[in-house]
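Quick note: the coordinates plus some simple rules give every number you see, no bench work behind them. Bear in mind that the values here come from a model prediction, so they are computed numbers and not experimental data.
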Amino acid sequence: MPNPVVHFEVIGKDGKKLQEWYSKIFGWKINADNPMNYGIVEAQGSGIGGGVGQGDGSTSVTVYIAVDDPQAQLDKVESLGGKTVMPVTEIPGMVTLAQFATPRETSLASSRTRCSVGANQDTSAPGWRRCSASPRRSR
């Protein structure tokens, strides 16, 4: 797989209930001991890490995909009928990402971080364990 999935995020109306549910159903180790109560899911076995938290009333599932050049990915998306939802944006010290929608209205994203794909992130940054990019499914 040339652009691997490296992180996921589940956002809902009640982050604590979501964290408890995913922990019980799948046995995930989720640590929400941070100011935002964002549940950081520990990578286990061959799985990837992720996050479970509360949003602004909306729900979403985001799958982060590593790419070398988010702008080039946006250009390719648009050339194939998609549209930019969020232009290339840098979160200093964490990630550079962009979001796009497919022609079928599914919202996706791609990103590049300051580190090599698969390298560990700054562990003090809630929810970011690995270099990332993102497809987000809209509802």
Could you go through segment 51-60 in sequence order and give the Karplus-derived ³J(HN,Hα) for each residue, using 6.51 cos²θ - 1.76 cosθ + 1.60 with θ = phi - 60°, rounded to whole Hz, and x for Gly and Pro?
x, 9, x, 9, x, 8, x, 9, 10, 7
How about LYS17: which lysines have a C-alpha closer than 22 Å to its C-alpha, ignoring those fewer than 8 places off in the same chain?
LYS29
Cα to Cα, under 13 Å, and not fewer than 8 places away if on the same chain: which aspartates and glutamates meet these conditions relative to LYS83?
ASP75, GLU105
What is the extension gain from GLU90 to GLU78, computed as 0.36 nm multiplied by their sequence separation minus the C-alpha to C-alpha distance, in nm to one decimal?
2.3 nm
